[in-house]
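Just so you know, all these numbers are worked out from the coordinates, no wet-lab data involved. Just so we're clear, the structure is a prediction, and the values are computed from it rather than from any experiment. Cβ coordinates were reconstructed from backbone atoms using ideal geometry, including for glycine residues, and neighbour counts include every protein chain displayed.
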Amino acid sequence: MQVGVFYFPTDYGIDPGELGQALEARGFESLFVCEHTHIPASRKSPFPGGGELPKRYSHTHDPFVALAFAAAATRQLRLGTGVCLVPQRDPIVTAKSVASLDRLSGGRFEFGIGGGWNVEEMENHGARYATRFRLMRERVLAMRALWTEEEASFAGEFVNFDRVWMYPKPRQARVPVLLGGETDHTLKRVVEFCDGWFPRAGAGFDPRVAVARLRAAAEAGGRDPASLTTSVFRAPPEAAALAGYREAGITRVLLEVPDLDRDGILRRLDELAPLAVA
C-alpha cells in the first residue's frame, strides 16, 4: 500500500516545490492537491462539512501550476489532483494541462476528479448541478480521445468538436483517472470510464467493505477488479488503522497536510513521516 498526502495549496502556506521535496525526502509516495477556482461571496451553498467554510477554500493555487512546481523539484513523487472539478473546466484546455504536466514530470500524474458541491461556483462556469455528472463523463471521454488519438473528435450532449490535433500526448499510455465519491452511482461511473475509486474516509468507513463494493461493481459491469485502484482520501494518521487498510487491499491512502504556515507544515510532516512506510 502506498502512502501519500493531500493539501490545499494556499497562497499563505508552503511553496509546492518545497512541499514536494519535503515529502520525497520523508518517503511519501504522492502529493494530491485540491481545487476551487473561486468561492462565490453569496455563500448560498452550505459547506458539506458544516459550519463556516474554511479560509483555504478561497485561497488555493491552480492545481496544475502548483503541481508543476512540485514536479520540477522532485524526481519520483506521484502528483495528483484531489480533486479536479471537471464540470468547471474546458475539456480541451484541461486535456492540454494534463498531458503537458504528465510529459514534463516523466509520467507521474494521477487525475483525481469530482463533480463538485458548490452550485454557484459551477454555475459561474456555465455548468449545472443537475447535469454535472453527465457533463463530467463526456469531458473525461473527450479528454481520453485527445490524449490517445492522432486526430481526435467527439460528439456528445455537452462536448462537440471535429477532428483536431493536440500535442503533446501524455507520457503514460493511460493517465489514471480516479473518481471521488462514495455512492453506488459513483462506483458505476468508476467501472464505466475511470481507472480508480477515490472515496473519503469518514465516520464508519470500513476498508474491507470498500474493497468488496468496488469488486462487486466491477464484476457487475464486466470489468476486471484488478484493473481498478482504490485511493482513500483523508485516511486516519494512525499506524494500527493503516495496517487494516493494507490488509484490506487498499491501493493508496492519503493523509492530510494541515492548513498551517510553512514551519507548522514541516513539523507535521516530521510527525507523519513514520507512517510513510506503512
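Here are the numbers for the structure shown:
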read-out	value
Beta bridge orientation in the chain: antiparallel %, DSSP, nearest 5	10 percent
Rounded to 5, percent antiparallel among DSSP beta bridges of the range 152-236	35 percent
Built amide H within the under 5 Å cut-off of GLU110, gap 5+	LEU79, GLY80, THR81
Ranked list, fewest to most other Cβ atoms within 10 Å of each Cβ, for TRP197, TRP117, TRP165	TRP165, TRP117, TRP197
Estimated vicinal HN-Hα couplings, Hz - the range 6-13 in sequence order (Karplus 6.51, -1.76, 1.60; Gly, Pro = x)	10, 7, 7, x, 8, 6, 10, x
Taking MET136, MET1, MET122 and counting other C-beta atoms within 10 Å, the order from fewest to most	MET1, MET122, MET136
Estimated FRET transfer efficiency (ARG267, ALA203; beta-carbon r; R0 22 Å; 0.05)	0.20
Structure-derived Rg/Rh (Cα atoms, Kirkwood Rh) - corresponding label in (i) 1.07; (ii) 0.94; (iii) 1.00	(ii)
Sum of -39500 (n - 2.57) over DSSP H runs of 4+, divided by residues of the chain (222 nm, nearest 500)	-11000 deg cm²/dmol
Ordering of 211-219, 269-277, 80-88 by packing [mean C-beta count within 10 Å, highest first]	80-88, 211-219, 269-277
For ALA152, residues with placed amide H under 5 Å, excluding near neighbours	VAL164, MET166
All lysines inside 22 Å of LYS44 as judged from Cα atoms, apart from same-chain residues fewer than 8 positions distant	LYS55
Packing-based exposure ordering (other Cβ within 10 Å, fewest first) of TYR129, TYR7	TYR129, TYR7
Percent RCO, i.e. relative contact order, over the chain, from Cα pairs under 8 Å lying at least 6 residues apart	22 percent
Partner lysines for LYS169 [C-alpha distance under 18 Å; skip if fewer than 8 residues away on the same chain]	LYS96
Those GluC sites (Glu not before Pro) in the range 78-171 that DSSP places in a loop and that have at most 10 other beta carbons within 10 Å	GLU150, GLU151, GLU157
Part-to-part distance (alpha-carbon centres) for the range 58-100 and the range 218-278, which is given in Å	20 Å
Cross-link reach list, aspartates and glutamates versus LYS188, counting only Cα pairs under 14 Å and skipping chain neighbours closer than eight places	GLU219, ASP224
Most positive-pole-ward Cα, MET166, ILE265, ALA155, against dipole of the range 2-277 from beta carbon charges	ALA155
